[in-house]
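The block underneath contains the structure these notes are about, expressed in structure tokens.
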Amino acid sequence: MSLNAQNSFDFLSELGLQRFKCKICGEYFWATKRRDTCGEFPCSPYTFIDGEGRVFEVRYIREKFKEFFNKRGHEMIEPYPTVARWRTDLYLTIASIIDFQPYVTDGIVEPPANPLVVVQPCIRLEDIDKVGLTLGRHLSIFEMGGHHAFNREEDWIYWKKETVQFCHEFTTECLGIPEEKVTYKESFWEGGGNAGPSVECLVDGLELSTLVFMEFKVIGDEYIKMPIKVVDTGYGMERFSWYMSGTPSAFEAIYPGILDKLLENLNIPYEGKIFNKLILNLNSERDLSRALLKMNTDERDYLTKIFSIFSILDHTKCFAFMVCDGALPSNSGVGYLSRLVIRRALRHLRRVKGEIPISEIMKWQIDYWSRDFEKLGKARKAILEIAGIEAHKYETLLSKSLKIVGKYIGGKKTVDVQSAVTLYDSHGIPLEVVEEYARKHGITVPEGFEEQFYKELVKRHEQIEETKEEETVSIDVKKYPETYKLYYEKPYEKKFKAKILARFNDGKIILLDRTLFYPEGGGQPYDKGRLLINGEEYMVEKVIDVENRVLHYLDKPIKADVVNVVGEIDWDRRYALMKAHTGTHILLGALIRVLGLHVWQAGAQKSTMISRLDVTHFKVPTREQIIAIENKANKIIKEGRKVRVHIMPRTLAEKKWGVKIYQGGVVPYKKLRIVEIENWDSEACGGLHCSSTSEVGALKITNVTKIQEGVIRFEFCTLDGLLQYSRDLEEKLHKIASILSTSREDTVRKVVTLVNRAKSLDTAVDKLLNTVAKSLSPESPLSQKLGDLYLVELDLEGLEEYHINKLGRLSTSMYKNLVLLVKTGNIVRIMTGKEFAKLGFNVGEIIREIISKVKECRGGGSKTFGLVKCSSRKNVDEFINRLKKLISSRC
């Protein structure tokens, strides 16, 4: 994108600023007095670090910022979550402007206020490898103060000059920074689908804010003028806190108290002299690597630990916010990113040999940050439990990973980034395991490997992949009027009159001018029913919405040239689906209240019988929790709360209920249809609902399963399905009672008796198996000597596979040179002791060699175990004879 920079920024001269060119980087900047450098590190040194005076906490800067702009006519709005569920292209909220893209910035909807001010917690992971190393310039989680104005020709708020003036006043007058220290560097910003010229506010080496004048929508390589001009500013709350505090790094200012606790727990002192030396070196060398080379070995080792501690602080806070906003760790989607963050924190904790549980550090973070973000306190239990689960998974993974790593990089001279990324994506193996294997086997780890690794990971997963929707129909309907949707206006009506506007597929698909038939959408199935045309009945088998034209699929073609029809929906089916849909919203509200704020809808399907609701949660709930969820849901049903439908502008809906309204996913419309259950649940929803919760009748959770990591499925029925569900259970109970030859009332006692008897039998069988295993010694009459090994052949037809395998494990652990063959019909199991492998044998390889010569046998195995299945007992005997000869010949 080329710009005439002078024309873009000449308004700065009206503010008493002069334009200069930096003698080091060659970029243009503006200042009140002549100077040689632009004011940004490394062109200018960090001259604000003195380590003296008070620490200005982030909350102090945050309140100052909001107060300053509120006094200047900006309405304060609440920050959005860190998980950007209103976006189809991004997982995370990376800037305050993300709150308003694309709908507000494209001029589709009005902003929630104009002008406005927001302090938005943001998460950016593309430079996660730099966290700690740059002393605070890079953070994975930070608060961005944004004052935004959305300008139209007919409603102009303010533009470039006023934006810089606000920034200058806040920086110099409100915070007292001398104006001769402040510079404004010319730049051009692009992100989130928009772009525009910008200026960066710099002081004493540190960039404090960026002021973007958003004028373009970016589509591919094309820059298209936007219908509105947007003031998009980003003030780094943590950077202002760092600057005002003058601490050696931003982390002393961001995490006062928490940093001290962590250092004390790890028994690592805070060495101010080493930091002072690092800053001096950094300011003279203008490069971290060169600055560290001027430190001695002990100082470098100390700083490496401190950088890890900084990363732990940043990542644990980041993880707490992500989980609170529903990004539960998993191997896909936004959960992939939250797992990446906590595993990196665990990696650094391992580097500093920290024995403190990571959940303990999370407690400190929640205690500190919940003062300003109440939701963290409410999600405390879930955050700590999930952190503990992830720590356990991580340790388990470390102990099992080296063998897998060897398969990928064993034999290579240099470890490559793609292999490391594949190991992480496919097996969850952290970077340090790859590096450890490389060190042990003399494989070179290239310089900058860690940085490249994390950049590639984040690049692959930070944006949502575009999915191409399958085309449902190839019918062109645009030339016809949109269908009037009676099902929204009169959801309780059963019959209607309409006119046929068009026919397709030889009259088997018709378009009506109006309809009561609900088309499939949002997890609610389409209506069924019939159409009456000239006294003839046509069954409606399917209904779909194509660009607001509702198509009706019939069981037979309409041949007569008619226009008028009478439609009648299958009311019993429709009403059952309405109850199921309202029940879904009731259940979701109960799940959030019992399990926590991290619960978000991940999918849903309504049915006349058993419906399902998938939500984000980290484990299958306990029986007690399920009962509590049912009780809450049925209480709401019993109370008969009103269910209201609101059609309202998007921004008003978000302002009233927050982004929780997007439980069903992104809704790309200017106006939203909000279904509100009184004081319980509010969602953007296109489905049909009851007018009162009492109509649902009852709600019963019938099954709960974990369908993937971080997602739990709840199957449930409302009153319509409950009767059939009860009958099905009753029938199953009747069958069980019949099998047990007892009454239904006595079934539980009979089952308990049988289970206890089975346990007694298992104990007896275990004792017997142990006795048999001991008898399979080299001195056993069944023993056949094969060189340094001996073989025992058993025919155990009828014995369960579990017991056969247990006998094999017991006997081969007792006798290391045993080769045990167990026949069951036409199957042979080969189980061996450790001596077998030590002598160079491999069961799997032997099986492959023999079955290549014995017809109609197939099988395989590992080094010490194998299974072969043959078509006949004759083939089994031939296989065993060849096996004995082969082992004898090689012993």
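The values are calculated or read from the model by the stated rules, or taken from the named source; none is laboratory data. Computed from a prediction, not measured in an experiment: that's the story for all the values here. As a convention, Cβ positions derive from the backbone with ideal geometry for all residues, glycine included, and neighbour counts pool all protein chains shown. The accessibility values were calculated without ligands, DNA or RNA, using every heavy atom of the protein model including side chains. Shrake-Rupley method; radii C 1.70, N 1.55, O 1.52, S 1.80 Å.
Things to note:
- From the options Ile712, Ile701, Ile674, Ile647, residue that is of a type in the set (A, V, I, L, M), part of a strand (DSSP E or B) and open to solvent by 30 Å² or more (accessible area, probe 1.4 Å): Ile647
- Leu133 vs. criteria in a loop (DSSP other than H, G, I, E, B) and either on the phi > 0 side of the Ramachandran plot or open to solvent by 30 Å² or more (accessible area, probe 1.4 Å) (or both): yes
- Condition met for Ile312 (touching a residue at least 60 places away in the same chain (Cβ under 8 Å) and touching a helix residue (DSSP H, G or I) at 6+ places or on another chain (Cβ under 8 Å)): no
- Matching entry among Leu587, Leu652, Leu597 (being at pLDDT 95 or above and hydrophobic (A, V, I, L, M, F, W, C)): Leu587
- Of the helices (runs of 4 or more DSSP H) lying entirely inside the range 351-412, the ones with 1 or more residues being more than 26 Å from Val119 (Cβ to Cβ) are found at 358-369, 380-400, 402-409.
- Pairs where the first residue, in the range 547-558, is at positive phi and the second is open to solvent by 10 Å² or more (accessible area, probe 1.4 Å) and part of a loop (DSSP other than H, G, I, E, B), C-beta under 6 Å, 6+ apart: Asn548/Glu482
- Identity of the residue in the range 594-619, β-branched (Val, Ile, Thr) and part of a strand (DSSP E or B), that ends up farthest from Glu385 (Cα to Cα): Val615
- Residue that is farthest from Arg623 (Cα to Cα), among those in the range 715-741 that are in a strand (DSSP E or B) and open to solvent by less than 30 Å² (accessible area, probe 1.4 Å): Thr718
- Check on Gly326, crowded, with 20+ Cβ neighbours inside 10 Å and on the phi > 0 side of the Ramachandran plot: yes
- Residues of the range 419-433 classified as surrounded by fewer than 20 Cβ atoms within 10 Å (Cβ to Cβ), at pLDDT below 80 and either of a type outside the set (Gly, Ala, Ser) or in a helix (DSSP H, G or I) (or both), total: 4
- Meets criteria (under 23 Å from the mean Cα position of the chain (by Cα), at pLDDT 95 or above and on the phi < 0 side of the Ramachandran plot) for Ile123: yes
- Boolean, Leu740 is at pLDDT 90 or above and in contact with a helix residue (DSSP H, G or I) (Cβ under 7 Å, 6 or more places away or on another chain): no
- The set of residues from the range 223-265 being modelled with pLDDT under 95, open to solvent by 10 Å² or more (accessible area, probe 1.4 Å) and of a type in the set (A, V, I, L, M) comprises Ile224, Met226.
- The lone exception for Gly658 - which of (1) surrounded by 14 or more Cβ atoms within 10 Å (Cβ to Cβ); (2) in contact (Cβ under 8 Å) with a residue 40 or more places away in the chain it fails: (1)
- Breaking point among (1) without any contact (Cβ under 8 Å) to a residue 24 or more places away in the chain; (2) within 26 Å of Arg62 (Cβ to Cβ), for His168: (1)
- Qualifying residue in the range 746-754 (condition: closer than 20 Å to Leu810 by Cβ, under 50 Å from the mean Cα position of the chain (by Cα) and open to solvent by 50 Å² or more (accessible area, probe 1.4 Å)): no
- Tallying residues that are open to solvent by less than 50 Å² (accessible area, probe 1.4 Å) and closer than 20 Å to Asn805 by Cβ within the range 781-792 yields 2.
- Answer residue from the range 614-640, given it is polar (S, T, N, Q) and more than 18 Å from Glu695 (Cβ to Cβ) and is least open to solvent (accessible area, probe 1.4 Å) among those: Thr616
- Residue selection: Ala345 fails the criterion of being surrounded by fewer than 24 Cβ atoms within 10 Å (Cβ to Cβ), part of a helix (DSSP H, G or I) and aliphatic (A, V, I, L, M).
- Residues that are among the charged types (D, E, K, R), part of a loop (DSSP other than H, G, I, E, B) and open to solvent by 50 Å² or more (accessible area, probe 1.4 Å) within the range 42-100 comprise Asp50, Glu52, Arg54, Glu57, Arg72, Glu78, Arg85, Asp89, listed in sequence order.
- Subset of the range 548-573 (residues that are open to solvent by 20 Å² or more (accessible area, probe 1.4 Å) and under 19 Å from Leu688 (Cα atoms)): Asn548, Arg549, Glu568, Asp570, Trp571, Asp572, Arg573
- Residues satisfying the stated conditions in the range 290-314, i.e. among the small types (Gly, Ala, Ser) and under 19 Å from Glu264 (Cβ atoms): Ser308, Ser311
- With a requirement of 2 or more residues that are within 27 Å of Asp572 (Cα to Cα) and of a type in the set (D, E, K, R), the strands (runs of 3 or more DSSP E) lying completely within the range 468-545 that satisfy it span 495-504.
- In the range 836-891, the residue that is most open to solvent (accessible area, probe 1.4 Å) out of those that are acidic (Asp, Glu) and farther than 25 Å from Ser813 by Cα is Glu856.
- If the condition is being surrounded by fewer than 19 Cβ atoms within 10 Å (Cβ to Cβ) and either at pLDDT 95 or above or aliphatic (A, V, I, L, M) (or both), then the range 822-835 contributes only Ile827.
- Total residues in the range 277-295, condition of a type outside the set (Asp, Glu), surrounded by fewer than 17 Cβ atoms within 10 Å (Cβ to Cβ) and over 40 Å from the mean Cα position of the chain (by Cα): 4
- Residue in the range 206-214 that is without any contact (Cβ under 8 Å) to a residue 40 or more places away in the chain and not aliphatic (A, V, I, L, M) present: yes
- Among (1) out of contact with any Gly (no Cβ under 7 Å at 6 or more places or on another chain); (2) at negative phi; (3) surrounded by fewer than 17 Cβ atoms within 10 Å (Cβ to Cβ), the one test that Asn679 misses: (2)
- So Tyr394, is it modelled with pLDDT under 85, surrounded by 16 or more Cβ atoms within 10 Å (Cβ to Cβ) and aromatic (Phe, Trp, Tyr): no
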